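To start, the structure itself, in structure tokens.
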Amino acid sequence: MDGMDEIVREFVVESYENLDQLDRDLVALEDKPGSRDLLSSVFRTIHTIKGTSGFLAFGTLESLTHVGENLLAELRDGKRPMTQRTTDVLLRMVDAVREVLGTIEATGAEGDHQVEDVVADIQAVLDDPTGGAADAAPAIESATASSETEAEEGPAATAEDEAVSETPQVVAATKKPATRKITAKKPAAKKPATAKSAAKKPTAAKKIAMPVRNEDAEDAPAIAAAPMPSATLSAPVEPEEVEDAPSTVRSATESSIRVDVEVLDALMRHVGELVLARNAMTRLAGDLGDASLVRASQRLSLIATELQQGVMKTRMQPIEHVWSKVPRMVRDISTSLGRHVRLEMIGQDTELDRGLLEAIKDPLTHLIRNAIDHGIEAPKVRESVGKSPTGLLTLRAYHQGGQVVVEISDDGKGIDAQAVAAKAVERGLRTPAQVADMSTQDLLHLVFLPGFSTADHVTNVSGRGVGMDVVKTKVEAIGGVVDVQSTQGLGTTWRLRIPLTLAIMPALTVECHGETYAIPQVNLLELLAVDDKQTGVEYVGEAPVYRLRGQLLPLVDLRDVLGSPTRESLVSAVIAVVQADGGRFGIVVDQVRNTEEIVAKPIAAAVKNIGLYAGATLLGDGSVALILDIPAVARRALDTDLQEAVASSQVEHVTSSDTEPMLVVGVGDGRQVAMPLGAVTRLERLSVSIIEQVAGSAVMQYRGRITPVVDLARLLGDGGTDREELAVVVCTRGERTVALVANEVVDIVECAVSDFSDVSGYGLLGSTVIKERVTELLDLRAAVTSADANFYDAEDAELVGAGSEF
Amino acid sequence: MQHQLATFKLDNRLYGVDVERVQEALRLHNRTRVPQSPKEVAGLVNLRGQVVLLVDLRARLGREPYADDDEPMMVVVKVDGEPVSLLVDQVGDVLELDADQFGPPPPTLEPALRDVVRGVYSLEDGLLLSLDVDLAAQV
């Protein structure tokens with residue numbers, strides 16, 4: 001774009017923004033066909049592009065937008081209804097405009113795009129005798145003629161439409177020199193085109209009330225003079241009135257400026273340095289213990305933090321920037337695949353660094369395509385399984401723990417874990433023995449393997465063999481992680497967790513053999529301390545694993561990874577539970593030092609190539625610490641042997657081992673009841689008001705489904721649970737869910753079923769002493785079937801997500 | 001033609017690099033070792049806020065490794081505009097040398113040295129091996 005005229009560059013940038021808005025508006029229009037606001041907005045956008053391309057002498061663009069404008073004028077004036085066909089041709093026009101803009105951006109000239117087809121199509125819609133076609137005809141002919149004549153006749157035609165008592169020729173004559181003058185004077189201002197449209201099209205201005213800058217108004221007395229006396233349209237050029245104009249959808253340009261991203265990048269780098277200097281200062285002040293120095297450093301620290309937040313904010317953009325293209329994309333994809341899809345977007349204003357925004361564009365696109373193609377079923381299929389024919393695609397973005405979480409959920413058929421397993425075997429990615437031992441969740445993660453694609457048929461939407469592994473690679477490249485959850489028949493959720501910004505990231509500093517390393521917070525799930533008895537540590541062959549809430553967690557000793565002297569005992573070591581490559585594992589470190597904000601510094605290729613380090617950072621004492629590349633560590637350390645060993649021991653262990661984790665809940669008046677944790681899908685704290693009575697049974701709405709509720713206190717003959725806030729134990733099997741209500745969750749303990757004595761009552765299997773309290777073992781089967789007699793008949797006998805989410 | 005070389009000692013031999021490529025010479029401070037790295041990587045150091053690679057020239061030139069109580073020094077050179085720190089035994093003077101003192105590397109030179117030594121200057125009290133900075137700093 002270097003050689004390009006500043007005006008043209010400005011035009012291209014602005015037009016792209018406008019087109020994004022246009023896409024959104026057009027798709028929204030299908031839902032609200034009569035919306036004048038939307039129509040006016042669309043009309044304005046096209047009009048602006050047409051106007052600007054007119055005096056930049058982009059004839060193709062102008063002729064294209066001109067016919068579109070005519071069609072839109074009729075729509076706006078209610079002369080024709082909004083139809084699918086209308087939307088189609090308008091969207092095609094937008095595409096064509098984009099194409100031409102792309103050429104302009106690349107070469108500075110229009111090139112020779114063939115737009116006659118699109119123009120003819122729009123013309124055909126216009127000629128469709130549904131009203132108003134005759135009026136518009138002359139205007140379109142002028143569009144294909146030279147731009148000079150068009151400029152005079154275009155507004156004339158519309159002026160007639162609006163039946164303004166004014167001679168069109170007069171308007172055209174007065175306005176032309178004026179607008180040219182403005183543009184020449186203020187090339188970079190955002191508004192010249194709009195100002196022109198205000199003058200050129202007095203009828204539109206009457207309704208729309210264009211925002212005009214002060215300086216524009218001063219420069220353009222001619223504009224004010226031209227339309228005012230003839231049609232008493234004073235509004236467009238009066239700034240105060242513009243402020244109040246209700247239909248000004250996009251204004252706010254007055255209070256913002258465009259800044260080159262490089263300037264922000266440089267600023268961010270400097271702030272990064274400042275943060276490190278601040279860290280050093282804080283440490284120094286702490287060491288010296290001088291009170292006034294500590295005060296000064298605290299102040300410095302405060303200011304540095306604020307500055308950092310401020311600079312980060314300048315780089316933050318709402319995710320809407322990427323999402324704005326989604327409605328159009330969803331519409332196109334679902335139309336081409338014959339799916340009915342309703343799109344819901346939640347959290348559009350969630351902000352993240354613009355660099356990251358750019359980076360998640362492709363993965364997001366891929367996941368959305370995938371959700372519609374492979375997730376949401378055809379309308380007939382959906383109806384046959386009792387779903388609404390229209391599928392629901394939900395995009396959700398939110399901040400969580402210093403990260404941005406982006407979820408793409410569909411309510412489609414879900415992922416068949418067994419099909420995934422079969423495919424993985426067929427592709428030679430895993431052996432049948434390997435997949436036989438894997439949990440459902442692990443099976444789902446196989447889709448992230450390179451060379452995996454579940455599509456039976458290659459469609460033009462997705463399924464070209466470049467699939468989720470690309471998504472994963474791209475997300476990991478920006479320090480993020482991607483995860484998938486799916487319930488067959490109910491839908492799939494893809495979850496991206498990405499850092500807020502790349503430049504400065506929160507990290508955990510850990511120590512290993514005297515050296516300090518940083519683990520990015522985005523990878524970190526939790527920390528576990530190994531006690532004297534090494535509770536929870538087990539061995540699969542030689543390899544240590546940790547039993548974490550009933551699941552075996554492979555352990556990787558950082559000392560082994562880094563080639564340090566082998567650790568003699570795990571006692572007093574710390575396990576950092578991290579997530580990478582879709583799976584989780586524990587990294588054993590000597591000790592945890594701190595969590596701090598670190599700035600990733602580039603490192604020499606010789607160090608990067610080792611494949612263990614993502615970069616380096618400077619600590620408060622000025623020393624260099626290496627940042628661990630967690631996915632790389634996982635790949636290197638967790639060879640398949642270990643994973644296999646863990647996977648195969650998983651089943652065997654749970655059944656053969658004497659103890660199993662038990663969830664202990666408080667019930668009624670001081671009673672404690674235990675149940676196997678493995679049978680519990682989820683724990684929630686919910687208000688008592690969520691429970692409703694339907695036909696004598698207690699139910700609650702849980703995750704959009706009506707779920708039967710078992711009050712454990714009542715079941716065990718202890719009255720009813722009488723609390724404001726309840727502990728809800730959710731058990732899910734296949735598509736069936738039952739909620740057990742108790743007072744509170746007491747603990748999760750390891751204990752053996754054989755420990756329970758036979759002393760029991762109704763609904764109980766026995767009792768034992770846990771934490772010096774008599775605890776009864778709940779007959780979970782009886783409890784669940786009391787609410788849902790068919791619970792255990794569910795075809796998919798697999799416990800969905802057991803123990804994986806708390 | 002005069003030539004200026006920054007000299008340093010390594011395993012009792014005198015080496016020199018083009019003085020224009022040298023940014024500074026420093027005492028070694030607070031290096032961070034990089035586990036699992038090639039032996040030529042002596043670690044990373046913080047050079048005024050920049051993380052700089054430390055190259056163990058002894059390893060690079062196939063000499064005996066440093067003992068624990070050695071106190072090597074750093075010669076920071078520019079490679080492709082980026083600083084790289086070379087670990088040396090002792091930093092010497094900057095010498096002005098004439099072209100007529102210069103000769104090709106002797107054929108008896110060890111293979112590890114032959115790649116990175118551009119030539120030899122004959123001094124009154126011995127030889128000065130002139131190193132190709134780009135190759136020497138390459139790991």
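Throughout, read-outs are computed from the coordinates displayed, never taken from laboratory work. Keep in mind that what you see is a predicted model, and the values were worked out from it rather than measured. Counting neighbours? That spans all protein chains shown, and the Cβs are built from the backbone with ideal geometry, glycine included.
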Review point. Relative contact order of chain B: what whole-number percent is it, with Cα pairs under 8 angstrom and at least 6 residues apart?
Key: 30 percent
Study note, to complete from the structure: In a Gaussian network model of chain B with springs linking alpha carbons closer than 10 Å, the residue among B:PRO38, B:PRO65, B:PRO83 that fluctuates most is B:PRO38
**Study point:** R0 of 56 Å, Cβ-Cβ distance A:THR595-A:ALA422: FRET efficiency to nearest 0.05
**Key:** 0.80
Review point. Using a basic spin-label model with each label point 7 Å from the Cα along Cα→Cβ, how many nm lie between B:ASN12 and A:ARG714?
Key: 9.4 nm
**Study point:** Efficiency of FRET from Cβ geometry, B:ARG118 and A:ARG283, R₀ 60 Å, rounded to 0.05
**Key:** 0.85
Practice item. Output the Cα-based Rg and Dmax of segment A:261-318 in Å, rounding Rg to one decimal and Dmax to a whole number. Key: 13.5, 44
Study note, to complete from the structure: per DSSP, antiparallel bridges as share of beta bridges in segment A:504-652, % nearest 5, sits at 90 percent
**Study point:** Greater than 18 Å apart at Cα, pairs in A:LYS387/A:LYS413; A:LYS79/A:LYS325; A:LYS380/A:LYS413; A:LYS361/A:LYS472; A:LYS313/A:LYS361; A:LYS50/A:LYS79
**Key:** A:LYS79/A:LYS325; A:LYS313/A:LYS361; A:LYS50/A:LYS79
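So what is the orientation-averaged projected area of segment A:72-122, using the convex hull of its C-alpha atoms, in nm²? Don't jump to the answer; show the numbers that get you there.
Numbers: hull surface 15.6 nm².
Computing the convex hull of the Cα atoms and averaging its projections yields 3.9 nm².
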Practice item. Above 20 angstrom, tally the Cα pairs of segment A:504-652 and express them as a % of all pairs, no decimals. Key: 47 percent
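Applying 1/(1 + (r/R0)^6) with R0 = 45 Å to the Cβ-Cβ distance of A:ARG495 and A:SER292, what FRET efficiency is obtained, to the nearest 0.05? Walk me through the intermediate numbers first.
Numbers: r = 48 Å, r/R0 = 1.08.
Result of the calculation: an efficiency of 0.40.
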Review point. Mean shadow of segment A:320-499, computed from the convex hull of its alpha carbons, in nm²?
Key: 10.1 nm²
Exercise for review: Before anything else, pin down the relative contact order of segment A:465-533: Cα pairs under 8 Å, at least 6 apart, normalised by residue count, whole percent.
Suggested key: 22 percent
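If each residue of separation counts as 0.36 nm, what is the full-extension length gain between A:GLU725 and A:ARG773 once their alpha-carbon separation is subtracted? Walk me through the numbers on the way to the answer.
Details: separation 48, 0.36 × 48 = 17.28 nm, distance 2.32 nm.
Full extension from A:GLU725 to A:ARG773 adds 15.0 nm.
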Review point. Taking the simple approach of a point 7 Å from Cα along Cα-to-Cβ for both A:LYS32 and A:VAL261, what is their distance in nm?
Key: 3.2 nm
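Suppose we look only past 14 Å in the calculated P(r) of segment A:293-346. What percent of the Cα-Cα pairs does that tail hold?
70 percent
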**Study point:** Hydrodynamic radius of segment B:1-74 per Kirkwood, over alpha carbon pairs, in Å
**Key:** 13.8 Å
Practice item. Please work out the C-alpha center-to-center distance from segment A:717-737 to segment A:485-522 and express it in whole Å. Key: 32 Å
Check your understanding: Looking only at B:ARG33, B:ARG48, B:ARG21, which one moves most when chain B is put into a Gaussian network model with springs between Cα atoms under 10 Å?
Key -> B:ARG48
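Any chance you could run the full-extension gain for A:ASP362 through A:ARG98? It's 0.36 nm times the residue separation minus the Cα-Cα distance, nm to one decimal. Working shown, then result.
On the way: separation 264, 0.36 × 264 = 95.04 nm, distance 1.88 nm.
Contour length minus the Cα-Cα distance gives 93.2 nm.
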Practice item. Please report the base-10 log of the normalised intensity I(q)/I(0) for chain B, using a Debye sum with one equal scatterer per alpha carbon and no solvent, at each q in 0.10, 0.19, 0.21 (1/Å). Key: -0.31, -1.13, -1.36
Review point. What is the set of long-range amide H partners of A:ILE598 at a cut-off below 5 Å, with H atoms built 1.01 Å from backbone N?
Key: A:MET505, A:ALA507
